[in-house]
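> Sending over a structure as structure tokens; questions will come in a sec.
The values are calculated or read from the model by the stated rules, or taken from the named source; none is laboratory data. Computed from a predicted structure; not experimentally measured. Positions of Cβ are backbone-derived with ideal geometry, glycine not excepted, and every protein chain shown enters the neighbour counts. Accessible surface areas use protein heavy atoms only, side chains included; no ligands, DNA or RNA. Shrake-Rupley method; radii C 1.70, N 1.55, O 1.52, S 1.80 Å.
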Amino acid sequence: MEFKGYTRTVVPQQVDCKGAPVAIAPGNSDPSDHLRSPRETSLGTLIDSLQELVAHLDHFYQVRFLNRACRDWFGLEPEAQVGRTIAEVIGDEAFAVLKPCFDQALAGEATRFCGDVPYRLGRPRFIHGTYLPSRDQNGEVDGLYLLSVDLTDHNVLRRRLATETTRARTVLRNAIDGIITIDDSGRIQSLNPAAERIFGYSAAEAVGRDVSLLMTAYQGADHKEYVRRYLDTGEARIIGMRRELVGQHRDGSTIDIELAVAEFLDGGRRYFTGFIRDVTDRKRAEALARERLDELAHVARQHSMGELATGLAHEVNQPLTAIHANAEACLAMVDAAGTGQEPLRGALREIVQQSGRASRIVDGLRHFLQVGSNESWTLENPNELVEEMLDLLAHEIHRSRVRVELDLAADVPMVHVDRTQIEQVIFNLVKNAVDALAAMPGERVLAACTRVASASALACRIEIADTGPGVGAEQMRRLFEPFFTTKIDGLGQGLRIARSIVEDHGGELLAENRDTGGMRFSILLPATTDATTDE
Amino acid sequence: MSESSVVAIVDDDAAVRRALGLLVESIGVVTRGYSSGTEFLEQWDSTTPACVLLDIRMPDISGLDVQDRLLEEHPDLPIIFLTSHGDVQVAVQALKKGAFDFFEKPGFNREALLACIQRALRLHGERTRRRAHRDEIGARLERLSKREREVMEGVIAGYSNKRIANDLGISERTVEVHRSHVMDKLEVHSVVELVRLYQETDSGNH
């Protein structure tokens, strides 16, 4: 780089960014150039037109030259410059700050300054200055050049940018969702700590590798296809949408994730940022709840079959009883008549035996279909049953924005029950309540409580109440009838089965409209004291 | 068995009632059929030895509820339950509350059922006689005045006339008069008879 001052040719030192001189280029200029040649004049014009502040000082900090930018900056007339000391121009405070740099240049060493400097005419400015020794023909230092740029406005921007960057990085680092950026070829550019946790790879391991690393082989292939298609056709299949898919952890296990993708352009390249939520736990809970529902539905079916078989057995047993008793009566009469009549006697005995056989067949069927035998009954705490069913339905309760008021009596007696069946009853009642509430404006409250009813043999009381619309008198009357339902998608089996289950347990299931609106169902069950002493 | 014994058959199924009636009548007792517990409770008025064959599972009121009502209204009447296989648990409950016995429908044993009915009828006859006797003694005791009763209690306790007179603050002579009234009213002739009679009453049994 060659550069000429207005009085003489100078060779500025090249400095590195730390201000240390890196090289002093030997001047290759012609000494005669220092005369005011047209070229020199145009150079002066050039320097005057620069926005940077340029000054030339002598040994004694006296001003030899200030360019226009510099004069304007300090509000000086063109003729007022020469003969002043730089301290007068920039002010004593600024001089105190910059003097070390001046002295270093005067000592023959180029230097730089970057920082705030007091400004005679206003608030301190953030400047970037370069200070170069100026030399005479003999190479002796005879002063210094001073080049300065006001970066105050830049600096504000820079700081703002730094703050923005810090903020973005904080968000990224602390986001609950995993955030992964890939380029248009699928190479991972970055992943945040949440993504590291979800997939088990550190950022250092994953960056630069293909994003299929984090997917199952099956989905990985799909993903490549999606990206390719999008880049080819611009047809967005993922962008801006939420999708559920299966990721792969470093240890090989699969992870259920929810993915949303955003796209941005940088330097003409397309990048995709994926926001990833690990929904494995939620999925597992959902699967568990589904299993429970299946189990409960199974119990309900079994129960219906058992009821049917019991009813059938009873209906068939009545005529069989009549047949049996008639045959026995005839046998008694034949016996009373004395000896003889052996064929008649034999036929009557055959009737007795065959009616017994028919009865055993019916009974076998009933046994086969009945789940109600209380061999599998266990001692249960009603509070636990209620809490478990509320847990099971927590998702639906939450989704329907229903508030649960739980009031469980600590001294509620233990009950001897088929746990799954009673849970099904509670489940049904809670589900009904939530469904009833879902259509209600305003606050939706589901109240579940357990009580000791000491006055009655049915000492355990479980109540499920809602603030829903309740039911009319006609509906109330038919509530427990089979196939009666107020729900569009209901089968009208739930309450009927619920009641028959509770009755199988020697209890009662009651329904009523609350004074305050909504329904209340009460499950009354015998306390264990006599259930256990029975055996 | 006495000609006047009655077996009540309570079952909602007419065919079952007829068949059981035929069978039970083979031992020479009268039967009366009732199609529901309510009908039975409303109409039952027999004073002769009797028992009831009661179906547990009936649509109107259940056999167990009928048992509860009978315990109040006819506590001496023996109940033989007829149950289906599924109701064994209920039958156990009924036995605990004092049912006489139970048989499973439909394949009960004829001899066992008939023998059971006869035992029940005998029991009811005995209970009725004992109750009548107790009622009779009770009626006699009712005839005693307060003072006569006090004297009687002294006699039964084995006290002398003198001590009884002392305890009650009356003369020995008065005690003797009361004592002879007690013997007359209770129709006994000796202290031994008096004590035995007293023991047969409810108040003498504890």
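> Compute the Cα gyration tensor for the protein assembly as shown, then decide on rounded, prolate or oblate, letting a ≥ b ≥ c be the square roots of its eigenvalues: rounded whenever a/c is under 1.5, prolate when a/b is larger than b/c in the other cases, and oblate in all that remain.
Working: a/c = 5.92, a/b = 3.08, b/c = 1.92.
Prolate is the answer for the protein assembly as shown, as a/c is 1.5 or above and a/b outweighs b/c.
> Could you point to the residue in A:LEU288, A:VAL417, A:ALA332 farthest towards the positive end of the protein assembly as shown's charge dipole, with +1 and -1 charges on the Cβ of Lys/Arg and Asp/Glu respectively?
My answer, from the dipole projection, is A:LEU288.
> Now, a different point. Would you mind listing how long the stretch A:53-150 runs along its three principal axes, going by Cα atoms, in whole Å with the largest first?
41, 30, 19
> Report the full-extension gain for the segment A:PHE480 to A:ASN513: residue separation times 0.36 nm, less the Cα-Cα distance, to one decimal in nm.
Values: separation 33, 0.36 × 33 = 11.88 nm, distance 1.46 nm.
Stretched fully, the A:PHE480-A:ASN513 segment lengthens by 10.4 nm.
> Here's a follow-up. Classify the stretch B:15-121: rounded, prolate or oblate, from the alpha-carbon gyration tensor (a ≥ b ≥ c, eigenvalue square roots; a/c under 1.5 rounded; otherwise prolate if a/b is larger than b/c)?
rounded
> May I pose another question? Which distance in nm do the two modelled labels at A:LEU312 and A:GLU258 give, with both placed 7 Å along the Cα-to-Cβ direction?
Going by the 7 Å Cα→Cβ label model, 4.7 nm.
> To the nearest 0.05, what FRET efficiency results for A:VAL452 and B:GLU39 with a Förster distance of 51 Å applied to their C-beta separation? All intermediate terms of the calculation are to be shown ahead of the outcome.
On the way: r = 39 Å, r/R0 = 0.76.
About 0.85, to the nearest 0.05.
> Given charges of +1 on the Cβ of Lys and Arg and -1 on the Cβ of Asp and Glu, with all other atoms neutral, how large is the dipole of the protein assembly as shown about its Cα centre, in debye to the nearest 20? Don't skip to the end; give the middle numbers.
Values: 87 positive and 113 negative charges, 180 e Å.
Taking the Cα centre of the protein assembly as shown as origin, the dipole is about 860 debye.
> Considering amide H positions built from the backbone, and no H for Pro or chain starts, which residues 5 or more places from B:MET58, or on another chain, come under 5 Å of its amide H?
B:GLY63
> Can you tell me the 0 to 90 degree angle between the C-alpha axis of helix A:382-392 and the longest principal axis of chain A, rounded to 10?
Tilt of helix A:382-392: around 50 degrees.
> Summing -39500 (n - 2.57) over the DSSP H runs of n ≥ 4 in chain B and dividing by its residue number, what mean residue ellipticity at 222 nm do you reach, to the nearest 500 deg cm²/dmol?
Working: 9 runs with 115 residues, N = 206.
Result for chain B, helices only: -17500 deg cm²/dmol.
> I would also like to ask the following. Please get the size of the charge dipole for the stretch A:97-236, origin at its Cα centre, with Cβ charges of +1 on Lys and Arg and -1 on Asp and Glu, quoted in debye to the nearest 20.
Roughly 520 debye, rounded to the nearest 20.
> So how exposed is A:ASP391, as accessible area in Å² (1.4 Å probe, rounded to 10)?
Accessible surface of A:ASP391 is approximately 120 Å².
> Share of Cα-Cα pairs in the stretch B:78-206 beyond 27 Å, in percent?
Tail of P(r) above 27 Å: 46 percent of Cα pairs.
> Which value, in Å² rounded to 10, gives the accessible area of B:MET58 with a 1.4 Å probe and all protein chains present?
20
> Please compute the average number of Cβ atoms from other chains found within 10 Å of each residue's Cβ in peptide B:106-115.
Neighbouring Cβ atoms belonging to other protein chains average 5 per residue here.
> Another question, then. Quick check: net charge around A:THR130, other residues with Cβ under 11 Å of its Cβ, Lys/Arg +1 and Asp/Glu -1?
0
> Sticking with this structure for a sec: Could you please state, rounded to a whole Å, how far the C-alpha centre of the stretch B:1-70 is from the C-alpha centre of the stretch A:304-376?
Each part's Cα centre sits 20 Å from the other's.
> Eight or more residues apart or on different chains, and alpha-carbon atoms under 29 Å: count the Lys pairs in the protein assembly as shown matching that.
Lysine pairs meeting both conditions in the protein assembly as shown amount to 12.
> Could you work out the helix-only [θ] at 222 nm for chain A, with each DSSP H run of four or more residues adding -39,500 (n - 2.57) and the total divided by the number of residues, to the nearest 500 deg cm²/dmol? Display every interim value, and only then the final one.
Values: 16 runs with 236 residues, N = 535.
When only DSSP H runs of four or more count, the value is -14500 deg cm²/dmol.
> Just grab the label-to-label distance for A:ALA438 and B:GLU72, each label 7 Å out from Cα along the Cβ direction, in nm (one decimal).
Going by the 7 Å Cα→Cβ label model, 4.8 nm.
> If you don't mind, there's one more thing I want to ask. Have a look at B:LEU144, B:LEU168, B:ALA91 and report the one farthest towards the positive end of the charge dipole of chain B, computed about the Cα centre with Cβ charges (Lys/Arg +1, Asp/Glu -1).
B:LEU168
> Please determine, in degrees from 0 to 90 and to the nearest 10, the orientation of helix A:342-369 with respect to the longest principal axis defined by the Cα atoms of chain A, where the helix direction is its Cα long axis.
Roughly 10 degrees between the two axes.
> Along Cα→Cβ, 7 Å out, is where each label goes; now give me the distance between the ones at A:VAL246 and A:LEU293 in nm to one decimal.
Inter-label distance under the simple model: 2.1 nm.
> Taking R0 as 60 Å, what FRET efficiency do you get between A:ARG403 and B:SER160 from their Cβ-Cβ distance, rounded to the nearest 0.05?
0.10
> Taking square-rooted eigenvalues a ≥ b ≥ c of the alpha carbon gyration tensor, is the stretch A:365-435 rounded, prolate or oblate, where a/c under 1.5 means rounded and, failing that, a/b exceeding b/c means prolate?
Oblate.
> Taking the Cα atoms only, what angle lies between the long axis of helix A:38-49 and the longest principal axis of chain A, rounded to 10 degrees?
On a 0 to 90 degree scale, this one is about 40.
> Okay, next question. In whole percent, what relative contact order does the stretch B:1-141 give with Cα contacts below 8 Å and a gap of six or more residues?
22
> Can you tell me the dipole magnitude for the stretch A:313-409 around its Cα centre, using point charges on the Cβ only (Lys, Arg +1; Asp, Glu -1), in Debye to the nearest 20?
560
> Using 0.36 nm per residue of separation minus the Cα-Cα distance, give me the extension gain between A:ARG270 and A:THR339 in nm, one decimal.
Here the answer is 13.8 nm.
> Considering only protein heavy atoms, with the full assembly of protein chains and a 1.4 angstrom probe, order B:HIS133, B:HIS124, A:HIS398, A:HIS154 by accessible area, largest first. Mind showing how you got there, number by number?
Details: B:HIS133 80, B:HIS124 15, A:HIS398 145, A:HIS154 115 Å².
Largest to smallest exposure gives the sequence A:HIS398, A:HIS154, B:HIS133, B:HIS124.
> Here is a further query. Towards the positive end of the charge dipole of the stretch A:282-380, with charges on Cβ (+1 Lys, Arg; -1 Asp, Glu), say which of A:HIS367, A:GLN354, A:VAL316 has the farthest Cα.
A:HIS367
> Counting DSSP beta bridges in the protein assembly as shown, what percent are antiparallel, to the nearest 5?
Looking only at bridges with both residues in the protein assembly as shown, the antiparallel portion is about 75 percent.
> Still on this structure: Give me the accessible area of B:THR48, 1.4 Å probe, in Å² rounded to the nearest 10.
Ignoring ligands and nucleic acids, B:THR48 comes out at about 40 Å².
> Using modelled backbone amide H atoms (1.01 Å from N, in-plane), which distant-in-sequence or interchain residues come within less than 5 Å of A:ARG514's amide H?
Here A:MET519, A:ARG520 satisfy the definition.
> Among all helices in chain B defined by DSSP H, which have a length of 27 Å or more along the axis from Cα atoms plus a Kyte-Doolittle mean of at least 0.0?
Working: long enough: B:110-142 (47 Å, -0.91).
Span-like helices in chain B: none at all.
> Something else: Over chain A, what relative contact order in percent results from Cα pairs under 8 Å that are six or more residues apart?
Taking the mean separation of contacting Cα pairs over the length of chain A, I get 7 percent.
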